[in-house]
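Just below is one structure, and these are the notes that go with it.
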Amino acid sequence: MSAPLIRPRATIDLDAIGRNYRLLTARAGGRMPAGIVKADGYGLGAVAVARRLVAEGCDRFFVARLDEGLSLRSALPPGAAAEILVLDGAQAGAERELIAGELTPVLNDLGQIERWRTAAADAGRSLPAALHVDTGMTRLGIPATEADRLSAEPSRLHGLAISVVMSHLASADVPGSTQPATQLERFRRIRARFPQGAASLANSAGVFLGSEYHLDLVRPGISLYGGAPLPGCGQNPMATVVTVETPVLQVQHVEAGTTVGYGATHETDRPTRLATIAAGYADGLLRAAGPQRGSGGACRSVAVAGSLAPVVGRVSMDLIVVDVGHLPPGAVEPGTAVELLGPNRPVDEVAASTGTIANELLTGLSLRYHRIYRSG
Ligand SMILES: *Cc1c(COP(=O)(O)O)cnc(C)c1O
């Protein structure tokens with residue numbers, strides 16, 4: 001018997017992140033991928049992840065928000081040559097902080113470009129910038145008409161040192177979609193007019209679509225963290241990064257006809273044993289995805305004592321209940337570790353069983369977990 005588990009914990013395997021980075025590098029034909037560490041490194045800790053990636057040779061990071069960029073910059077070793085790019089871009093009023101943090105805004109429209117060029121003129125030197133052109137995502141990015149104006153009036157980019165020209169794939173993980181090829185073709189045409197810096201198109205799924213999508217720089221996120229680049233398409237080539245375990249708090253023997261949890265949505269159909277576990281929606285388990293009355297059973301399970309056990313009743317803030325009646329008496333006791341995510345509960349399977357994707361599952365992981373970083 002292993003020692004009883006006291007606190008819920010998320011163990012993050014930095015060596016696995018290193019392996020995933022090297023696999024992605026090999027896949028991208030030896031080009032060092034950028035590290036996508038937005039949303040606190042997909043919930044796993046941007047600083048720890050970025051430091052590890054720097055050790056692997058990574059020298060470019062993408063974050064979403066200004067504040068994510070500032071905190072990453074201050075956590076990287078002073079003088080680290082790493083470029084930190086901010087996907088939100090140069091918003092009005094953010095210029096001074098972007099410059100002070102040595103951040104590269106990913107410019108998303110002519111207004112941002114104008115603003116950043118003015119900031120460069122005011123600073124009396126050139127400033128780093130990336131250009132994000134829209135090729136079909138219709139979210140962030142310079143629209144085609146603005147790209148036309150920009151190439152007709154190249155002086156709009158004077159004073160800017162363009163490090164990356166990029167676009168983002170909308171359907172790289174949709175089997176059989178023709179959208180990636182359409183976007184690649186549009187991007188190539190735009191790139192011909194903006195040949196500065198590194199050309200970049202591929203997210204995790206894009207890396208696995210084929211070498212024509214790799215260009216100069218790939219931008220994998222979820223695959224670094226162990227998520228399948230192409231979920232539902234064969235075996236996941238990425239190494240498992242995060243294992244989430246939490247203790248059993250109480251075990252009860254109950255009769256048939258016992259109701260469980262808020263709203264009494266579950267009723268036992270036989271005498272059984274129920275284990276109450278320290279994990280709830282405040283830890284990132286989706287309440288909306290919990291078992292519903294009449295759903296014919298649980299849609300989520302946990303790994304405990306070498307087998308899977310179904311979650312029964314509603315997910316509450318701090319607790320869930322699992323049915324462990326199929327396990328021998330004594331196999332599950334207070335202090336027994338239950339695996340919510342990890343080698344026995346792959347992140348993509350858990351995500352699918354709760355109606356979401358690995359990205360949302362990981363970014364929803366709570367700070368309440370005790371985080372342990374393992375390496376070496
Ligand atoms: C989040 C993001 C990525 C990484 O996407 P994954 O699917 O997690 O690999 C790449 N590029 C941009 C612009 C993004 O927003």
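The values are calculated or read from the model by the stated rules, or taken from the named source; none is laboratory data. A quick note: this is a predicted structure, and the numbers were derived from the prediction, not measured. No Cβ is skipped: glycine too gets one built from the backbone with ideal geometry, and neighbour counts run over all protein chains shown. The area values use the complete protein model at the heavy-atom level, side chains included, leaving out ligands, DNA and RNA. Shrake-Rupley method; radii C 1.70, N 1.55, O 1.52, S 1.80 Å.
From ALA92, ALA80, grab the single residue that is away from the ligand (no atom under 16 Å from the Cβ) and touching a residue at least 24 places away in the same chain (Cβ under 8 Å). Break it down into steps so the answer makes sense when it comes.
Working: ALA92 fails: touching a residue at least 24 places away in the same chain (Cβ under 8 Å).
Step by step, each of ALA92, ALA80 is checked, and only ALA80 is away from the ligand (no atom under 16 Å from the Cβ) and touching a residue at least 24 places away in the same chain (Cβ under 8 Å).
Going by the conditions given, is THR11 open to solvent by less than 30 Å² (accessible area, probe 1.4 Å), free of Cβ contacts under 8 Å to residues at least 40 places away in the same chain, hydroxyl-bearing (Ser, Thr, Tyr) and away from the ligand (no atom under 12 Å from the Cβ)? Please lay out each step first, then the result.
On the way: open to solvent by less than 30 Å² (accessible area, probe 1.4 Å): yes; free of Cβ contacts under 8 Å to residues at least 40 places away in the same chain: no; hydroxyl-bearing (Ser, Thr, Tyr): yes; away from the ligand (no atom under 12 Å from the Cβ): yes.
So THR11 fails the test.
Tell me which residues, restricted to the range 101-116, are crowded, with 19+ Cβ neighbours inside 10 Å, over 25 Å from the mean Cα position of the chain (by Cα) and hydrophobic (A, V, I, L, M, F, W, C).
Residues satisfying the conditions are ILE113, TRP116.
Given LEU72, LEU140, LEU98, which one is open to solvent by 20 Å² or more (accessible area, probe 1.4 Å) and at pLDDT 95 or above?
Working: LEU72 fails: open to solvent by 20 Å² or more (accessible area, probe 1.4 Å); LEU98 fails: open to solvent by 20 Å² or more (accessible area, probe 1.4 Å).
Exactly one residue qualifies, and that residue is LEU140.
Taking the range 158-182 only, how many residues are open to solvent by less than 40 Å² (accessible area, probe 1.4 Å) and in contact with a strand residue (DSSP E or B) (Cβ under 8 Å, 6 or more places away or on another chain)?
9
When you go through ALA50, ALA28, ALA16, ALA55 one by one, which is the residue that is within 14 Å of the ligand (Cβ to nearest atom) and of a type in the set (Gly, Ala, Ser)?
Being within 14 Å of the ligand (Cβ to nearest atom) and of a type in the set (Gly, Ala, Ser) holds for just one of ALA50, ALA28, ALA16, ALA55, which is ALA28.
Would you mind stating whether ALA202 is on the phi < 0 side of the Ramachandran plot, open to solvent by less than 10 Å² (accessible area, probe 1.4 Å) and assigned by TED's automatic domain parsing to the domain that holds PRO33? It would help to see each step written out before you state the result.
Values: on the phi < 0 side of the Ramachandran plot: yes; open to solvent by less than 10 Å² (accessible area, probe 1.4 Å): yes; assigned by TED's automatic domain parsing to the domain that holds PRO33: yes.
For ALA202, the condition - on the phi < 0 side of the Ramachandran plot, open to solvent by less than 10 Å² (accessible area, probe 1.4 Å) and assigned by TED's automatic domain parsing to the domain that holds PRO33 - is met.
Report yes if some residue within the range 205-227 is open to solvent by 60 Å² or more (accessible area, probe 1.4 Å), among the aliphatic types (A, V, I, L, M) and either part of a helix (DSSP H, G or I) or over 30 Å from TYR369 (Cβ atoms) (or both); otherwise report no. So that I can check it myself, show each step before the final result.
Going residue by residue through the range 205-227, those that are open to solvent by 60 Å² or more (accessible area, probe 1.4 Å) are 209, 211-212, 216.
Subset that is among the aliphatic types (A, V, I, L, M): 209.
Filter once more, keeping what is either part of a helix (DSSP H, G or I) or over 30 Å from TYR369 (Cβ atoms) (or both): 209.
There is at least one residue in the range 205-227 that is open to solvent by 60 Å² or more (accessible area, probe 1.4 Å), among the aliphatic types (A, V, I, L, M) and either part of a helix (DSSP H, G or I) or over 30 Å from TYR369 (Cβ atoms) (or both).
Looking only at the range 203-226, which residues are among the small types (Gly, Ala, Ser) and in contact with a Leu (Cβ under 7 Å, 6 or more places away or on another chain)?
Pass one, the range 203-226, residues among the small types (Gly, Ala, Ser): 204-206, 210-211, 221, 223, 226.
Those that are among the small types (Gly, Ala, Ser) and in contact with a Leu (Cβ under 7 Å, 6 or more places away or on another chain): ALA205, GLY206, SER223.
Does any residue of the range 160-169 turn out to be within 16 Å of the ligand (Cβ to nearest atom) and among the hydroxyl-bearing types (Ser, Thr, Tyr)? Walk me through how you get there before you give the answer.
Applying the first criterion (within 16 Å of the ligand (Cβ to nearest atom)) to the range 160-169 yields 163-169.
With the extra rule that they be among the hydroxyl-bearing types (Ser, Thr, Tyr), the set shrinks to 163, 167.
Scanning the range 160-169 turns up at least one residue that is within 16 Å of the ligand (Cβ to nearest atom) and among the hydroxyl-bearing types (Ser, Thr, Tyr).
Got a sec? Which of ASP134, ASP148 is surrounded by fewer than 20 Cβ atoms within 10 Å (Cβ to Cβ) and either within 18 Å of PHE194 (Cβ to Cβ) or assigned by TED's automatic domain parsing to the domain that holds ALA50 (or both)?
Details: ASP134 fails: surrounded by fewer than 20 Cβ atoms within 10 Å (Cβ to Cβ).
None of the other options fit; the residue is ASP148.
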